[in-house]
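The values are calculated or read from the model by the stated rules, or taken from the named source; none is laboratory data. This one's a predicted model, so the numbers in the text were calculated from it and none came from an experiment. Virtual Cβ from ideal backbone geometry, glycine too; neighbours counted across all protein chains shown.
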């Protein structure tokens, strides 16, 4: 923005435009920066907050126009809603943004072309290559959001994973673009790439997509809003609270960085399809009990949109690695269709609890000390009750 355009009110107009173009609206821009309104409207206080953070409106404008706003850029929902969506497709050998905080290119020219053609804050839909194991191969694994900060891949990869990459793939993905946020799709809800990107993806152009990325159509980009997502940490980024998976619009909402919750068990899910589960606490649990445990284990029964994610939420509260929750049973792993809502899931959970309370040692709530035979019997009763439930 040149001096000739700086008529009275230019600063507010510039701030409002960036708020809309990069964040979706002023409220989302305030959320992304952690700004407070102190009782004023967003429009009234925005210039003050901009100057406090950036030093001047000019720096604020330049930072966003040049894609150098660090972690602050296009609202993920706005990226999807653009006439030309800032949503791109590529393939990954897995999805682990907590260790691989980048979008990697093997050839610098391909990275330069991506930077030229995309905006800071573009979303990258990542699907698993066909060489991966079941549950990942050919499935949409997650979504990255990337800045326009470029560098050697080593800058964006955790040291241990970098050493593995150098040993196994020394000449691949060395030209990095910084990943700033990421969302994982729980294994239970990953669509096939053919279903998700039915126009953009084909077997014939898979190599081109992997090498250069390819922009999705508007209809394909909009499918993100129907996905079940949960935000996950990115290497070098801010800590992320482990929350239950939820629908796309909620998961993608721009959020400010903040402290991790000190109540990791307080996780709530929206209504929708559910899977029954039994978690078991693996490790030496004898110190918890005065008497012998006799080949029994601590289990937790329940239901969730993603038992795997629920397990991760519980493990986040445990110190060290000596004991960890593991998934013992799930209707997903036994190839049952998801239960349509929490009502049949509650019936299944109740059947498990009723049986275990009568035949095992209750530890309170959904926790029990049980052997494998009792777990199997309780599980069969749960599946039967849930599948035969009627309104």
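If you scan the range 210-224, which residues turn out to be more than 16 Å from residue 177 (Cα to Cα), over 21 Å from the mean Cα position of the chain (by Cα) and not in a loop (DSSP other than H, G, I, E, B)?
Matches in the range 210-224: 218, 219.
Hey, among the residues in the range 254-292 that are surrounded by 15 or more Cβ atoms within 10 Å (Cβ to Cβ), at pLDDT below 75 and touching a helix residue (DSSP H, G or I) at 6+ places or on another chain (Cβ under 7 Å), which one's nearest to residue 144 (Cα to Cα)?
254
Kindly provide the set of residues from the range 338-391 that are within 30 Å of the chain's Cα centre (by Cα) and outside any helix (DSSP H, G or I), ordered by number.
Scanning the range 338-391 gives 338, 339, 340, 341, 365, 366, 367.
Provide a single number: the residues in the range 130-172 that are within 13 Å of residue 192 (Cβ to Cβ) and either in contact with a strand residue (DSSP E or B) (Cβ under 7 Å, 6 or more places away or on another chain) or not assigned by TED's automatic domain parsing to the domain that holds residue 206 (or both).
Counting residues in the range 130-172 that are within 13 Å of residue 192 (Cβ to Cβ) and either in contact with a strand residue (DSSP E or B) (Cβ under 7 Å, 6 or more places away or on another chain) or not assigned by TED's automatic domain parsing to the domain that holds residue 206 (or both) gives 7.
If you go through the range 137-166 one residue at a time, how many are within 19 Å of residue 88 (Cα to Cα) and part of a loop (DSSP other than H, G, I, E, B)?
Final tally of qualifying residues: 1.
If I filter the range 84-92 for residues that are modelled with pLDDT of 75 or more, surrounded by fewer than 18 Cβ atoms within 10 Å (Cβ to Cβ), assigned by TED's automatic domain parsing to the domain that holds residue 206 and in contact with a strand residue (DSSP E or B) (Cβ under 9 Å, 6 or more places away or on another chain), do I get at least one hit?
Yes - at least one qualifying residue is present in the range 84-92.
Quick check on my filter: what residues within the range 225-247 are in a loop (DSSP other than H, G, I, E, B) and under 12 Å from the mean Cα position of the chain (by Cα)?
227, 233, 234, 240, 241, 242, 243, 244, 245
Take the residues in the range 13-36 that are farther than 11 Å from residue 75 by Cβ and surrounded by fewer than 15 Cβ atoms within 10 Å (Cβ to Cβ); name whichever of them is modelled with the highest pLDDT.
Only one residue fits best here, namely 13.
Being in the same structural domain as residue 237 (by TED's automatic domain parsing) and modelled with pLDDT under 95 narrows it down to one residue among 193, 185; which is it?
The unique qualifying residue is 185.
Collect the residues in the range 120-136 that are within 17 Å of the chain's Cα centre (by Cα) and outside any strand (DSSP E or B), keeping them in residue-number order.
Answer for the range 120-136, where residues must be within 17 Å of the chain's Cα centre (by Cα) and outside any strand (DSSP E or B): 121, 122, 135, 136.
Kindly evaluate residue 335 against the criterion of being free of Cβ contacts under 8 Å to residues at least 40 places away in the same chain, farther than 21 Å from residue 282 by Cβ and out of contact with any strand residue (DSSP E or B) (no Cβ under 9 Å at 6 or more places or on another chain).
For residue 335, the condition - free of Cβ contacts under 8 Å to residues at least 40 places away in the same chain, farther than 21 Å from residue 282 by Cβ and out of contact with any strand residue (DSSP E or B) (no Cβ under 9 Å at 6 or more places or on another chain) - is met.
Of 103, 163, 132, which residue is surrounded by fewer than 22 Cβ atoms within 10 Å (Cβ to Cβ) and under 21 Å from residue 227 (Cβ atoms)?
132
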